[in-house]
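Working notes for the structure below.
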Amino acid sequence: MTKTGTTSPTTTAFYIQAALSFGLALAAVTGGIAYLPVDGWIRGFLALGMLYLVTSTFTLAKCVRDRQDETSVVSRVDQARLDKLLAEHDPFKSPAA
């Protein structure tokens, strides 16, 4: 996975660590809810809350990623415009009267 720009690319090891960490945390909370000494309604409520939290986390992560991608594209377009302007600029050309 390579990216251009000022940000460093995400390494495979970091990606695996993040995925394993997420999986372990999800399994721990699921196990905790399953073995909690309460009625099924309370377990269901906690499980539904956990599901909502996980799905909203993925949605937030996608929104943050999309915002960063959009900012990156705008920045690259602005840089290309500036590069074109500088390439076309001739400091020795006299201004038109």
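General observations
- Using equal-weight Cα scatterers in the Debye expression, the normalised intensity of the range 23-97 in log10 at q = 0.12, 0.18, 0.26 Å⁻¹ is -0.60, -0.83, -1.11.
- Between helix 12-34 and the chain: long-axis angle, C-alpha atoms, 0 to 90°, nearest 10: 30 degrees
- Nitroxide proxy distance, nm - points 7 Å out along Cα→Cβ at Tyr35 and Leu51: 2.3 nm
- With each label modelled as a point 7 angstrom along the Cα→C-beta vector, the Ser94-Ala25 pair spans 6.8 nm.
- Cβ-Cβ FRET estimate between Leu82 and Lys62, R0 fixed at 25 Å, reported to 0.05: 0.25
Only the coordinates and a few stated rules stand behind these numbers; no lab work does. None of the values given here were measured: they were computed from a predicted structure. With ideal geometry, Cβ positions are generated from the backbone for all residues, glycine too; neighbour counts draw on all protein chains shown.
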